[in-house]
Amino acid sequence: MSEEKKWYAVYTNSRCEKKVADLLIKQGIETYCPLNKVQKQWSDRKKIIYEPLFTSYVFVNIFKAEQTPVRQTHGILNFVYWLNKPAVIRNEEIKSIKLFLNEYNCIKLEKISVNKNDLVRIVSGPFMDMEGKVVNVKNKTVRILLPSLGYCMLAEVESFNVKIISEKELFR
């Protein structure tokens, strides 16, 4: 059985995410540097710019054997580790980030610690059929968890788009 490629997060020098992504692409490595569309205000004008969603992080889809060449790429400090191993990011999480960025602008990230709460399934909207635990409900804000990184993304979602489910229904 052949090994599959996996997504990993690499930690980059400050403000070097786009440069690192370009270097990795030139090496033939599948890379994802999520860019957030943000409106900036200067004294004389407003401008839409694209800035990295995760500061100092770039995602790479590689075989385990490619870790050393990736680590040696200029601007990369190291892999992000979880339990003394490079943290594997699930394909579903990468897809969720891409979907989220396609649907929303000016996204804010918030560092979180995962807590026990209601189990939910999103029943309509861009995250339809995704399941997880509610971290917080405030007005209409729903937090979508990315547990491998310890971050959540915030979006305004109508409360009727979320259905409480039982533990046995979760991730069936």
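With the simple model of a label 7 Å out from the Cα in the direction of the Cβ, Asn84 to Lys26 spans 3.7 nm.
For the pair Lys64 and Lys18, the difference between a 0.36 nm per residue extended length and the Cα-Cα distance amounts to 14.3 nm. In this structure, the amide hydrogen of Leu35, modeled 1.01 Å from its nitrogen in the peptide plane, lies closer than 5 angstrom to those of Leu53, counting only residues at least 5 positions away or on a different chain.
Take the Kirkwood radius over Cα pairs of the stretch 11-98, plug it into Stokes-Einstein at 25 °C and 0.890 mPa s, and you get 173 µm²/s for translational diffusion. For the stretch 6-89, the relative contact order comes to 47 percent (Cα pairs under 8 Å, sequence separation of at least 6). Computed from label points 7 Å out along Cα-Cβ, the spacing between Asn105 and Lys37 is 0.6 nm.
With R₀ fixed at 41 Å, the C-beta to C-beta distance from Tyr11 to Arg45 puts the FRET efficiency at about 0.75.
Where a number appears in this text, it was derived from the coordinates with a stated rule and is not lab data. Remember, it's a predicted structure, so these values are computed and weren't measured experimentally. Cβ atoms come from the backbone with ideal geometry, glycine included; neighbour counts cover every protein chain shown.
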